[in-house]
Every structure is written in structure tokens, then in C-alpha cells.
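Student: What follows is a single structure, and I will ask about it in a moment.
What follows is calculated from the coordinates using simple rules that are stated; it is not laboratory data. The structure displayed is predicted, hence computed values, not measured ones. We place every Cβ from the backbone using ideal geometry, glycine too, and count neighbours over all the protein chains shown.
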Amino acid sequence: MYQGVNASEGIGIGTVMVAVDPDLTFEPHEVADSAAEKERYQSALSVFCEKTQAQADHMKETVGEAEAEIMSGHIVLAQDPGMTDAINAAIDGGTCAEQALMDTSTMFENMFLSMDDEMFRLRAADIADIRTGILAELLGKEVVDLSVLPENTVVVVHDLTPSMTATIDKAHVAGIVTETGGRTSHSAIIARALEIPAVLSVSNSCTALRNGMTVVVDGGKGIVEADPDEETLAAYTAKAEAFAAEKAALEAFRGKPSETADGIKKIIACNIGNPDDVPNALDHDAEAIGLFRSEFLFMDSAELPSEEEQFNAYRKVASALKGAPVIIRTLDVGGDKEIPYLHMVKEDNPFMGFRAVRYCLANPDQYKVQLRALLRASAFGDVKIMIPLVTCVEEVVAVKELVEQCKAELTEEGRKFNENIEVGIMVETPAASLLADRLAEVADFFSIGTNDLIGYTMCADRGNDTISNLYQVYYPAVLRSLKNIIESGVKAGIMVGMCGEAAADPLLEPLLISWGLEEFSMSAPSILRARKTISQWTKAECDELAEKALACNTAAEVKALLESAAR
């Protein structure tokens with residue numbers, strides 16, 4: 001049995017096919033005719049973009065628009081002036097196209113890898129995928145093609161790139177196993193959209209699993225069983241049938257109200273990274289957008305996005321939601337996010353440095369461009385402004401003062417906006433947790449960012465495998481923090497939501513109901529299951545379980561208790 005990351009749920013039983021990456025080694029050399037070399041690179045880039053567009057078109061037809069946008073995004077990145085200008089400059093200096101591509105793409109890849117926001121770290125894998133595709137065109141090599149496979153194939157590959165995933169014939173692939181990658185990678189996202197069981201980061205799987213071997217892929221538990229005996233195979237076959245039945249049962253919750261067994265209304269929302277994620281959110285029955293990360297606008301541009309560019313993006317989402325709430329987080333950038341045109345100073349500890357609201361308040365004119373765009377978009381839907389990384393009351397007051405300045409300017413210009421737009425905060429620091437009662441007096445709503453809150457509270461980096469056991473929402477310190485935040489907001493009469501991964505945790509959701517959480521915001525595929533979980537509990541039952549959980553001394557005790565009570 002092999003253990004990995006549970007990337008896409010389901011049970012897949014099939015025959016192994018190990019996909020071998022092409023040999024893209026080359027001999028670096030100097031070029032005398034830089035014009036001809038740049039033309040050679042441009043030709044390879046054009047062919048790459050044509051093939052990628054074909055993949056995007058195929059995905060749009062077979063999977064969905066949101067997943068197709070991942071491939072379309074590859075074209076945008078490949079043609080980004082920052083990348084192409086750097087490559088052309090290197091070629092002008094005598095470097096061959098292959099080496100210029102390698103050096104420039106590696107620089108961008110490392111830039112994205114250094115960032116703490118997982119959404120941006122995904123771009124590193126995209127850059128590597130783009131490099132492979134263009135390099136293959138330059139060298140005349142074929143990349144891995146998964147479009148023609150026998151039925152019930154389990155694809156085993158070192159790294160399943162988005163471009164590989166885009167070629168997969170869903171009808172013939174029973175499962176996916178990789179040696180690298182995580183649950184939030186674009187490949188994992190596409191695998192979930194295709195509903196193919198996937199387990200990622202299985203060490204040495206390309207050598208341990210051989211062509212023709214029968215394997216079971218348990219995407220829910222992150223387990224791969226090689227050469228299972230008849231008894232094991234029968235057990236997994238039964239499990240696969242049960243999974244299919246459960247999935248069908250979840251469809252019964254589509255279009256139903258999100259409420260507890262005793263009728264307490266809740267909101268189940270979706271987290272998105274850009275406007276193109278909205279169709280997928282609505283397809284999965286999201287009732288609102290609980291977190292719209294605005295950073296994509298800044299990352300996808302070679303210069304500061306204009307007010308008009310930002311307004312158009314925010315308006316697109318607000319209009320699509322047709323009056324349902326849309327919480328948009330203002331720029332969450334820091335010293336670790338090296339957006340070149342922001343000229344930010346590199347810091348030794350960027351997680352606790354000059355980032356998010358601190359950076360924005362230090363650059364009020366730039367911040368006001370975003371705030372004006374958000375205000376203008378509020379004329380087209382229920383847009384709410386969310387401030388990231390708040391640690392004190394002064395920060396909220398300062399942002400609200402800027403919002404009022406922007407309102408006055410827009411009024412003078414005759415532009416429409418929602419006079420009563422809500423300005424809330426993302427509660428993701430221990431300081432904000434301890435100060436929740438005071439912050440609730442100045443913020444219009446809370447949205448708890450559990451991803452950072454857990455890390456800051458437990459002093460644990462979720463990317464550090466050595467201490468990964470400390471990065472759990474079940475630790476008593478984290479639970480006490482969540483209880484205080486939620487109850488402080490409820491007492492003050494403001495909406496309290498959660499936009500971290502914990503909002504989709506069926507074990508934790510009864511506790512959140514007990515304390516009064518109103519909005520649960522999560523990834524799209526988790527929505528129906530969350531609605532089902534919430535419907536199975538009464539407030540009294542949740543209160544009883546929460547009291548027992550708070551009496552526990554360890555994370556293990558808490559988790560065992562919640563697992564024993566799971567429904």
C-alpha cells in the first residue's frame with residue numbers, strides 16, 4: 001500500500017500505464033544571428049499557443065468553462081510581455097532560445113514558489129508546464145499525450161501537468177497517481193472536475209508501479225493498493241459502488257435551502273480566484289461568493305491594473321451573482337510576492353512583514369484605485385469589501401476613511417455606487433482573534449481565514465512536512481480562537497463567515513453551527529456535501545458536541561470525538 005495526497009475523491013480500479021516524460025535536454029550554445037533565433041522562438045511559441053488553445057477548446061466542451069480557462073491562462077502567461085521581453089533580451093545577448101527560455105521561466109517559477117499564497121504558488125507549476133511545451137516545440141519532441149488510452153487505465157506519472165490533464169479521455173481513465181503535486185494544484189482541480197480518482201505525491205510511484213499492474217486508487221483517503229488480492233479487490237469494488245450511491249444522494253441537495261435539521265438558515269458560498277471561476281461555482285449550487293481574491297488582476301498584469309480594468313472584473317462577478325453577496329478581498333500582497341512593478345523590499349520574515357492592509361495603507365493613492373473600482377461595481381450587485389491581515393482597530397478605521405473619501409469623489413463625478421456597502425475584515429491573526437469584540441464594533445462583517453489563522457496560532461508552516469502534525473484545526477487553541485471570533489461577531493450583530501478550508505470540514509461544521517457561524521465558503525465541489533452535513537444536525541446536538549470538544553486537551557482527542565459523532 002502506498003500513501004499520498006488525496007487530490008480527487010472516488011475509487012478507481014484499473015491497469016497501470018506509466019507515462020514517461022520526453023527527454024528535453026539540450027546543449028547550450030551561443031548564437032550569431034539573434035534575429036533568426038528570435039524568429040525560431042516565436043515560431044515555437046505560436047505552435048505551442050495553437051495547441052494549447054485546442055486543448056482549452058476541448059476542455060470547454062468536455063469539462064467546463066472554468067477548467068478551460070486554466071489552459072487559456074497558459075497562453076496568457078506564455079505571451080506575457082515580461083517573459084517574452086526577457087527571453088528576447090537574452091537571445092540578443094547571444095543566448096540560444098532554449099537556454100533563454102529555461103533561464104527566464106526558472107526566474108518566474110522561483111518568484112511564484114516564494115509566495116505564501118497558495119493561489120500564486122500554483123503559477124509555478126503552470127510556468128514549468130509552459131516551459132516544457134515550448135521547449136518540446138524548439139527541440140522537435142512530442143510531449144505526453146493521454147488522449148488515446150485503453151479502458152480502465154490508471155495513469156502513473158512523475159508530475160501530471162495541466163496540459164497532460166487536458167488531453168485525458170475521461171471514459172478510459174480509472175485513476176491518476178503522481179510522484180509530485182498537491183490537492184490545490186491545477187491538475188488536482190481538473191481531476192476533480194473530470195471526477196477521476198487521483199492520489200498525488202506518492203513517492204517513487206513511477207518505479208514501484210509497473211506497466212500492466214492492477215492497482216486501486218482511493219482518492220478520498222490518498223491510498224494506492226498495488227496488486228490487491230481478491231478480498232481487497234472485492235472490498236474496494238463495494239466501496240466504489242457506495243461512493244457512487246452517495247454522490248447520487250448528494251444531488252438531492254441541489255437547489256435545496258442550506259439549513260440545520262431544526263430550520264436554522266445558513267449560507268454556503270464559494271471561494272474564487274478570478275471571474276472565470278464563477279460558472280463553476282454556480283454549477284455547484286453556490287449561494288454566494290464568500291471570497292474573491294483580487295490578486296489575479298495584479299499578477300496577470302505588467303503594470304498596476306487601472307481602475308477601469310479592476311471595475312470590469314468586479315462588475316462581471318457581481319452581475320453574474322444576480323444580487324447574491326460577493327465578498328471581494330482587497331490586495332493581499334507582501335514582501336514575499338515579488339510583483340516587479342510594486343518594487344517591494346525583500347524581507348527576512350514576509351509572513352509577518354509589510355503586506356496586505358499594511359502595504360495598502362502605506363500606498364493610499366494606489367489603494368483608492370481599487371476601492372473606487374469596488375464601489376463602482378457595487379452598483380451592479382451586493383459587493384462587500386474585505387480587508388486582509390487585520391491586527392488592530394486602527395487599520396479598519398483607516399480603510400473606512402479611505403472608502404468615505406472615494407464615495408465623496410464618485411458622488412462628485414456622478415458615478416453610481418451602493419452608499420451602504422459593507423466593509424468587513426478577514427480574521428486570520430491571533431491579534432484579531434483576541435480583539436474580536438472590539439473589531440466587531442468597527443467591521444461590518446467577519447470572514448475567518450482559517451488557513452493562516454491555524455498557522456499563526458500554532459506557529460506552524462503548512463508547507464513544512466516536519467511539523468505538519470501541528471497544522472490542524474482540531475487543536476484546542478484553534479477551536480477556542482474560532483469560538484471567540486464567531487461569538488464576538490454574533491453578539492455584535494454582524495455576519496460571521498469562514499472562507500478557509502476548514503469551512504468544508506464535515507467534522508468541524510457542527511461546532512461552527514453551535515457557535516453561530518452564518519456563512520460557510522469553500523471550493524465548489526464541497527458545496528453539496530456541506531449542505532447535507534448541515535442538514536443532519538440540530539442546534540442542540542451541535543451545542544452538546546461543541547461542549548465536549550472544548551473539554552478535550554489534545555487535537556487527537558478532539559478529532560476522535562468528532563469522528564465518533566460524524567453522520
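Student: Which value in deg cm²/dmol, rounded to the nearest 500, describes the helix-derived mean residue ellipticity at 222 nm for the chain, given -39,500 (n - 2.57) per DSSP H run of n ≥ 4 and division by the residue count? Don't skip to the end; give the middle numbers.
Tutor: On the way: 23 runs with 277 residues, N = 567.
Only helices count here, giving -15000 deg cm²/dmol.
Student: Which percent of Cα pairs goes in each bin when the distances of the chain are cut into 20 angstrom slices starting at zero?
Tutor: The percentages, shortest bin first, are 20, 53, 26, 2.
Student: Would you please classify the overall shape of segment 364-432 from the alpha carbon gyration tensor, given that a ≥ b ≥ c denote the square roots of the eigenvalues, rounded means a/c under 1.5, and beyond that prolate means a/b larger than b/c while oblate covers the rest?
Tutor: Values: a/c = 2.60, a/b = 1.80, b/c = 1.45.
Prolate.
Student: Past 22 Å, Cα to Cα: identify those pairs from Lys221/Lys256; Lys266/Lys316; Lys346/Lys368; Lys266/Lys322; Lys247/Lys322, in the order given.
Tutor: Long pairs (Cα-Cα over 22 Å): Lys221/Lys256; Lys266/Lys316; Lys346/Lys368; Lys247/Lys322.
Student: State the extension gain, in nm to one decimal, for the chain segment bounded by Lys491 and Thr106, taking 0.36 nm per residue of separation less the distance between their alpha-carbons. Provide the component values of the computation, followed by the final result.
Tutor: Details: separation 385, 0.36 × 385 = 138.60 nm, distance 5.04 nm.
So the extension gain works out to 133.6 nm.
Student: Could you put Cys459, Cys270, Cys392 in order, starting from the residue whose Cβ has the fewest other Cβ atoms within 10 Å? Write out the running numbers ahead of the final one.
Tutor: Details: Cys459 10, Cys270 26, Cys392 15.
Result, fewest neighbours first: Cys459, Cys392, Cys270.
Student: Thr62 versus Ala551, label points 7 Å from Cα toward the beta carbon: distance in nm?
Tutor: That separation, rounded to one decimal, is 5.5 nm.
Student: I've got another one for you. Under unit Cβ charges (Lys, Arg +1; Asp, Glu -1), what dipole magnitude, rounded to 20 debye, does segment 260-565 have relative to its Cα centre? Can you show the working numbers first?
Tutor: Values: 30 positive and 47 negative charges, 88 e Å.
Here segment 260-565 has a charge dipole of around 420 debye.
Student: From the backbone phi of segment 394-400, what are the Karplus-calculated ³J(HN,Hα) couplings (6.51 cos²θ - 1.76 cosθ + 1.60, θ = phi - 60°) in whole Hz, Gly and Pro given as x?
Tutor: 4, 5, 5, 4, 5, 5, 5
Student: Here's a follow-up. Points 7 angstrom from Cα along the Cβ direction at Asp543 and Glu308: gap in nanometres?
Tutor: With each label placed 7 Å out from Cα toward Cβ, I get 5.7 nm.
Student: Sticking with this one: Quick check: residue separation of Glu246 and Val393 times 0.36 nm, minus the Cα distance between them. What number comes out in nm? Show your work: numbers first, answer last.
Tutor: Values: separation 147, 0.36 × 147 = 52.92 nm, distance 4.59 nm.
Full-extension gain reported as 48.3 nm.
Student: How far is it, in nm, from the label point at Ser535 to the one at Asn420 when both lie 7 Å from their Cα along the line to the Cβ?
Tutor: 3.2 nm
Student: Could you give each residue of segment 530-546 its phi-based ³J(HN,Hα) in whole Hz, using Karplus coefficients 6.51, -1.76, 1.60 with θ = phi - 60°, and x for Gly or Pro?
Tutor: So the Karplus estimates, Gly and Pro as x, are 5, 4, 5, 4, 4, 5, 8, 10, 8, 4, 4, 5, 5, 4, 5, 5, 4 Hz.
Student: In whole Å, how far is the Cα centre of segment 201-218 from that of segment 393-431?
Tutor: 53 Å
Student: Full extension from Val47 to Ser319: what is 0.36 nm times the residue separation minus their Cα-Cα distance, to one decimal in nm? Before the final figure, lay out the partial values.
Tutor: On the way: separation 272, 0.36 × 272 = 97.92 nm, distance 3.60 nm.
Here the answer is 94.3 nm.
Student: Given R₀ = 35 Å, what would the calculated FRET efficiency be for Ile264 paired with Thr232, taking r from the Cβ atoms and rounding to 0.05?
Tutor: On the way: r = 43 Å, r/R0 = 1.22.
Plugging the Cβ-Cβ distance into 1/(1 + (r/R0)^6) gives 0.25.
Student: Still on this model: Give the long-range amide H neighbours of Asp159: residues separated by 5 or more places, or on another chain, with amide H under 5 Å away, using H modelled in the peptide plane at 1.01 Å from N.
Tutor: Residues meeting the amide H criterion: Glu179.
Student: Going by average Cβ neighbours within 10 Å, how do the peptides 497-508, 468-479 rank, with the highest at the top?
Tutor: On the way: 497-508: 23.8, 468-479: 18.0.
Averaged packing, sorted descending, gives the order 497-508, 468-479.
Student: Within 10 Å of each residue's Cβ, count the other Cβ atoms and sort Leu545, Leu139, Leu101, Leu482 from fewest upward. Let's see the in-between values first.
Tutor: Working: Leu545 20, Leu139 14, Leu101 24, Leu482 27.
With the sparsest Cβ surroundings first, the list reads Leu139, Leu545, Leu101, Leu482.
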